[in-house]
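Below is one structure, written out as structure tokens; the observations come after it.
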Amino acid sequence: MSVALLVQALLVVLIVGWSMVFAARRLLPVTSRRVWARLLDALDRPALPAWAHRLVNRLRPRGTQGGSCADGCSACGGCAAAARAPAEEHPLTFRPREKN
């Protein structure tokens, strides 16, 4: 295997991995925050140096309790502004085609 093929395979793996992480964060935000928090909890060990603890604390997600109206995700539309006036109803009316 040549070096060019190895570099190409490495780039493909990195791009696919990045797109999987992006899709997971976009489509499953609460789950991805929980997984990220668990991963960082596993890395946060007392034997690590101080700079590693600062890095783990900086990378730790802020809201990992779960989805609620206070987390600002605006995925369900339930966190919208105060209740709006209901839209005016326009019933559908069907008419037969005119014969020519």
Test result for VAL30, out of contact with any helix residue (DSSP H, G or I) (no Cβ under 8 Å at 6 or more places or on another chain), β-branched (Val, Ile, Thr) and closer than 17 Å to ARG60 by Cα: yes
Residue within segment 77-93 that is under 23 Å from the mean Cα position of the chain (by Cα), assigned to a helix (DSSP H, G or I) and at pLDDT below 90 present: no
Residue in segment 37-47 that is within 16 Å of the chain's Cα centre (by Cα) and surrounded by 12 or more Cβ atoms within 10 Å (Cβ to Cβ) present: yes
Per-region count, segment 1-47, residues part of a loop (DSSP other than H, G, I, E, B) and in contact (Cβ under 8 Å) with a residue 40 or more places away in the chain: 0
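The values are calculated or read from the model by the stated rules, or taken from the named source; none is laboratory data. Computed from a predicted model, the values in this text were never measured in an experiment. Quick reminder, even Gly has a Cβ in these numbers, built from the backbone with ideal geometry, and neighbours come from all protein chains shown.
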